[in-house]
Amino acid sequence: MTTPFQDPKLRQRGRASVDFLAGMAAASGPVRARVDAAIAEKVASPDALPEDLDERLAHMDALLADSPAYPVQQLLGDWHGRMHGRISAEAFEEVEGDLAPLFEAAEQGPATLRLDPDLKAPDYWDGVHFHRTTGGWEGHAHMGYIHGEIIHKKLVGRFFPGGIFQQRRDVAAMAPRESYRRILDMGCSSGHFTTALAETYPNAQIVGVDLSARMLEHAWRTANANGWNWQLSQQAAEATDFEDASFDLVASYIILHEMPAHAIRAVFAEAFRLLEPGGDMIMSDVTRYADMDRLAVWKADRGAMFGGEPHWRESASLDLEQVAREAGFVDVTTKGPYPYVIQGRKPEA
């Protein structure tokens, strides 16, 4: 379900700029094909590439130094990484006045929002411009809307067959029960996976936490616009203030790669604490490096560097199945490659 609040009608300039960004990404296909052809010619086997990833990055740069397409691909990736947030923000600002009454209306409703003006953000998040977004998640007063309704829906969503949000619904539906009473979305961001949880389990009380006030504000308005009674609060997923055994499902969608390994371990430990005995955990993230050959890992790691993902390598190198078991979960299962989904259960008391 999409409300008028969630479907901004961009003006001509903003729409043209956003369409240009999307078109440039699509039109770069021949450049990628030339780079892939050069790689196929020069890399006889992924196993022959250096084991150390930093050495592999330098090795591939040297190997492709005579490929005219390779620096073009790098330039396009760098430009897109730097500019997508700025262009989307400019497109939003052209229609901000049109959206103002919809924003005001969406601040009334059943959802609740609890912000923490004294929040001490963890070092791995504080000051980091994730996805190379100018100013980071707090860099614009309406960054949650820009990220959730323009970047994701009008840019990123174009390149996912079947829809980027279908993946979220698919992951939500993988939880083992048909219904839950109280669900926690760890790292709910602008509310896309939270929406999938609400639609999949309509009788559940949905609770979401995130570090970004701007993302939470958009999730809150989205909930109100749809008549959902979400309970949202600004806090770190790995250290919430909820009581033990508060939920029967704890979930997250593609958020773990935004954290270093120690924070990920703390997230799983916190999920275990918050679940009632017999409760379910379902987390998802990017493909594990252990499930990829050395060439695929190089491509993913290089893409993360352009994409503004400072913790991607550390996170993608982590064995989440082992992390879940160390936290105390049993019946741990995984499914991949993308989204890589891990499930587990807190043992009965």
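Read-outs: derived from the displayed coordinates by stated rules, not from any lab. Quick caveat, the model's predicted, so the values are computed rather than measured. Please note: Cβ atoms are built from the backbone with ideal geometry, for glycine as well, and neighbour counts cover all protein chains shown.
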Neighbours of GLU96 by Cβ distance under 13 Å: Lys/Arg at +1, Asp/Glu at -1, summed charge -4
Summed residue charge, Cβ within 13 Å of ILE39's Cβ, Lys/Arg positive, Asp/Glu negative | +2
The lysines whose Cα lies under 28 Å from the Cα of LYS153, excluding any fewer than 8 residues away in the same chain, are LYS9, LYS299, LYS335
Distant-in-sequence amide H partners of ILE255 (H built 1.01 Å from N, under 5 Å) = SER284
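Could you compute Rg(Cα) / (2.2 N^0.38 Å) for the chain, with N its residue count?
In units of the globular-protein estimate, the chain measures up at 1.02.
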Per-residue ³J(HN,Hα) for region 101-115, Karplus 6.51 cos²θ - 1.76 cosθ + 1.60, θ = phi - 60°, Hz, x for Gly and Pro = x, 5, 4, 4, 5, 6, 8, 10, x, x, 6, 10, 9, 10, 9
Within region 202-284: Cβ-based charge dipole about Cα centre, in debye rounded to nearest 20 (Lys, Arg +1; Asp, Glu -1) = 280 debye
Relative contact order of region 71-161: what whole-number percent is it, with Cα pairs under 8 angstrom and at least 6 residues apart?
-> 43 percent
Amide H contacts under 5 Å for GLN205, restricted to residues at least 5 apart in sequence or on another chain and with H modeled in the peptide plane, are ARG182, ILE183
Relative contact order (percent, whole number), region 5-116, Cα cutoff 8 Å, 6+ residue spacing = 51 percent
Using the per-residue mean of other Cβ atoms lying within 10 Å as a proxy for protection, in what order, highest first, do the peptides 54-63, 190-199, 84-93, 257-266 fall?
-> 190-199, 84-93, 257-266, 54-63
Among GLU51, GLU321, GLU217, which one shows the biggest mean-square fluctuation in a GNM of the chain, springs joining Cα atoms closer than 10 Å?
-> GLU51
Round to a whole angstrom and tell me the spacing of the C-alpha centers of region 107-158 and region 47-102.
-> 20 Å
Residues with beta-carbon under 14 Å from that of THR222, excluding THR222: net charge, scoring Lys, Arg +1 and Asp, Glu -1?
-> -3
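Going by a ≥ b ≥ c, the root eigenvalues of the Cα gyration tensor, does region 170-293 fall in the rounded group (a/c under 1.5), the prolate group (a/b larger than b/c) or the oblate group? Could the numbers behind the result be given before it?
Details: a/c = 1.35, a/b = 1.25, b/c = 1.09.
It is rounded, given that a/c, with a ≥ b ≥ c, falls under 1.5.
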For an R0 of 30 angstrom, estimate the FRET efficiency from the Cβ-Cβ distance between ARG82 and ARG114 and round to the nearest 0.05.
-> 0.30
Residue-wise HN-Hα coupling along region 180-186, computed from phi with Karplus coefficients 6.51, -1.76, 1.60 (Hz; x: Gly, Pro) | 9, 8, 8, 10, 10, 9, 7
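If r is the Cβ-Cβ distance from SER246 to GLU199 and R0 is 22 Å, what FRET efficiency results, to the nearest 0.05?
Details: r = 22 Å, r/R0 = 1.01.
About 0.50, to the nearest 0.05.
Taking the Cα centre of the chain as origin, sum charge times position over the Cβ atoms of Lys and Arg (+1) and Asp and Glu (-1), and report the length of that vector in debye to the nearest 20.
Working: 34 positive and 51 negative charges, 212 e Å.
Roughly 1020 debye, rounded to the nearest 20.
Normalised by the number of residues in the chain, what is the relative contact order in percent for Cα pairs under 8 Å and 6+ residues apart?
Values: 575 pairs, mean separation 60.7, N = 349.
Averaging sequence separation for qualifying contacts and normalising by length gives 17 percent for the chain.
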Estimated vicinal HN-Hα couplings, Hz - region 47-60 in sequence order (Karplus 6.51, -1.76, 1.60; Gly, Pro = x) | 5, 7, 6, x, 5, 5, 6, 5, 5, 5, 4, 5, 4, 5
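Show me 133-145, 112-124 ranked by packing, highest mean number of other Cβ atoms within 10 Å first. Provide the component values of the computation, followed by the final result.
Values: 133-145: 19.9, 112-124: 12.4.
Those peptides, ordered most packed to least, come out 133-145, 112-124.
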